[in-house]
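Following: one structure in structure tokens, then a few remarks.
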């Protein structure tokens with residue numbers, strides 16, 4: 001046996017590395033051991049670099065290996081072992097013998113010299129932006145469902161983060177739905193950053209305390225970000241495309257609202273949405289039905305009738321839900337799959353479990369969905385008024 005170490009750090013590196021793995025070319029993972037120090041580095045020059053390091057039992061071993069994350073991922077992600085053992089390494093053939101879950105494997109190492117070994121330099125004399133108690137993870141978890149999946153809308157495949165006048169604002173949108181969050185922050189500099197989805201995924205996996213350093217260009221724009229958490233350091237580039245100007249959409253004066261129990265409304269709509277899942281998974285017919293689906297809120301003083309309408313304009317399901325507060329008559333229409341993702345996201349962390357739908361005087365074609373328990377969270381969905 002050459003060396004044995006805690007498997008969790010390699011597993012974490014492979015899991016996060018696979019999130020940015022390139023399917024066309026190798027995404028290299030460096031594994032280096034220098035007696036009592038283990039370092040695992042994963043990088044893609046166009047996206048980000050991740051470095052994991054920790055102390056291990058002194059091994060008297062000095063070793064540098066390189067693997068393609070795509071090759072390691074199936075082996076590592078399903079393993080249950082607590083320890084990873086490197087039994088032998090043949091320098092001439094680059095074959096590594098390892099033991100995992102009581103099974104011996106032979107892996108062929110890439111030639112580390114063929115790749116530029118990644119490194120991250122933490123900016124000096126720069127005050128970091130620090131998130132504590134899992135705050136950044138919770139924010140990104142709430143906003144991630146609202147990122148665009150359209151490969152041609154790069155400016156929406158990110159979470160926008162802006163700091164100005166002591167206030168930090170986050171926003172994500174796919175043009176149908178929009179989610180924002182803001183709070184006060186102790187950070188003097190102003191900045192605007194579009195965090196790409198791959199970085200969002202990795203940041204969500206980091207520890208409760210994260211320190212972020214920003215490297216700016218000559219025009220004071222953020223060029224790249226270095227984030228540290230415990231024994232993990234990552235570096236990533238922001239998306240350069242300009243984020244949509246969402247601020248004019250935000251509500252000023254709410255002139256009408258309806259309020260529902262979050263659990264009841266999500267259960268009802270989830271059940272009603274089953275009528276759109278009767279087609280084969282992934283079928284064109286199913287996808288077209290989901291895209292054309294409508295959820296009509298026929299709102300009265302004390303209750304609301306919910307109507308699911310398919311592409312043929314036929315009512316496919318209906319249910320009634322009680323209003324939590326009295327309101328005035330209104331009739332609105334929305335895609336049910338857009339709405340349910342918003343309602344579930346609110347429901348996941350609210351205390352009073354109420355979903356509020358509101359309208360403003362100057363945004364007749366928008367409905368604003370928020371929670372009475374967390375008024376700083378605002379969800380916006382573009383709706384069509386039912387004639």
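Here are a few things to note about the model shown:
- Extreme residue, farthest from residue 116 (Cα to Cα), among residues of the range 62-83 that are in a strand (DSSP E or B) and touching a helix residue (DSSP H, G or I) at 6+ places or on another chain (Cβ under 6 Å): 83
- Residue check, residue 215 assigned to a loop (DSSP other than H, G, I, E, B), touching a residue at least 60 places away in the same chain (Cβ under 8 Å) and under 21 Å from residue 47 (Cα atoms): no
- Scanning the range 241-262 for residues that are in contact with a helix residue (DSSP H, G or I) (Cβ under 9 Å, 6 or more places away or on another chain) and loosely packed, with under 14 Cβ neighbours inside 10 Å yields 241, 242.
- Conditions (1) more than 30 Å from residue 293 (Cβ to Cβ); (2) touching a helix residue (DSSP H, G or I) at 6+ places or on another chain (Cβ under 9 Å); (3) buried (at least 20 other Cβ atoms within 10 Å of the Cβ); number of the one not met by residue 235: (2)
- Just one of the numbered conditions (1) out of contact with any helix residue (DSSP H, G or I) (no Cβ under 9 Å at 6 or more places or on another chain); (2) closer than 21 Å to residue 20 by Cα; (3) at pLDDT 90 or above; (4) in a loop (DSSP other than H, G, I, E, B) is not true of residue 152: (3).
- Whether a residue is free of Cβ contacts under 8 Å to residues at least 24 places away in the same chain, in a loop (DSSP other than H, G, I, E, B) and over 23 Å from residue 236 (Cβ atoms) was assessed, and residue 113 does not pass this test.
- Evaluation of residue 265 against (1) in a loop (DSSP other than H, G, I, E, B); (2) in contact with a helix residue (DSSP H, G or I) (Cβ under 9 Å, 6 or more places away or on another chain); (3) closer than 29 Å to residue 139 by Cα (one fails), failing number: (1)
- Tally of residues being over 19 Å from residue 250 (Cα atoms) and touching a helix residue (DSSP H, G or I) at 6+ places or on another chain (Cβ under 7 Å) across the range 121-143: 4
- Any chance residue 182 is out of contact with any helix residue (DSSP H, G or I) (no Cβ under 7 Å at 6 or more places or on another chain), more than 13 Å from residue 241 (Cβ to Cβ), modelled with pLDDT under 90 and assigned to a loop (DSSP other than H, G, I, E, B): no
- Filter result for residue 58 (out of contact with any strand residue (DSSP E or B) (no Cβ under 9 Å at 6 or more places or on another chain) and either part of a loop (DSSP other than H, G, I, E, B) or not assigned by TED's automatic domain parsing to the domain that holds residue 16 (or both)): yes
- Residues that are surrounded by 18 or more Cβ atoms within 10 Å (Cβ to Cβ) and touching a helix residue (DSSP H, G or I) at 6+ places or on another chain (Cβ under 6 Å) occur at least once in the range 84-106.
- Test: residue 225 is in a strand (DSSP E or B) and within 15 Å of the chain's Cα centre (by Cα): no
The values are calculated or read from the model by the stated rules, or taken from the named source; none is laboratory data. For clarity, every value in this text was computed on a predicted model and none was experimentally measured. Methodologically, a virtual Cβ is constructed for each residue, glycine included, from the backbone with ideal geometry; neighbour enumeration extends over all protein chains shown.
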